[in-house]
Amino acid sequence: MPMTVPVGRRSKSRLEVLYNATKLNESISELAYRSFGIYSRNSMLRRKFLGAMQAEENRDYIERSIEELKRHLLASSSNVEHYVICAKNIYPRNPRELDRRLEYQSRALEECYLIKAQLQEIARMFNVDLTVFRDPHDLVVKEINLIKRWRKSDENRFVKKFAASQ
């Protein structure tokens, strides 16, 4: 009878980076489609933008800002998933291929940090409930850590392999 490894003792799968990137993309999409948890735009306008512009101009400005932030956030989360897939599809057989794989991993990390900054900007700009951002933020932090460990593992494994073959 084969023995199974308990869940707590299993090592991280190489696919966990991809799985988490997909979950991150879904979570960001859901957040964007709910307009970041901004429920009452009129009361927000009265609170935040009482100054120079008229109410209608404020509403248009807010709507444009929200749509622009949605577009950037969705593009960044999609890019993370794309770069992870590209990196996963390269199995380095020489140093140049390793460099390409590490480059895709670096791009995915850059996009993760961009998502993190965008979420902070949205929370600051629109004064929304931060509990709405907890799940996407946790997924971004987890993805950053997974990609960093994946990179380090690749560097250790393949650099030693290529050094030994020369």
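Values in this text are rule-based calculations from the coordinates and carry no lab data. Nothing here was measured: the structure is a model prediction, and the numbers come from that model. Using ideal geometry, Cβ is built from the backbone for each residue, glycine included, and neighbour counts are taken over all protein chains shown.
The stretch between Asn94 and His72 holds 4.4 nm of extra length on full extension. This uses 0.36 nm per residue minus the Cα-Cα distance. For segment 73-130, the equivalent ellipsoid derived from the Cα gyration tensor has semi-axes of 32, 9, 6 Å, listed largest first.
In this structure, Lys148 and Asp60 have a Cβ-Cβ separation that, at R0 = 45 Å, corresponds to a calculated FRET efficiency of about 0.60.
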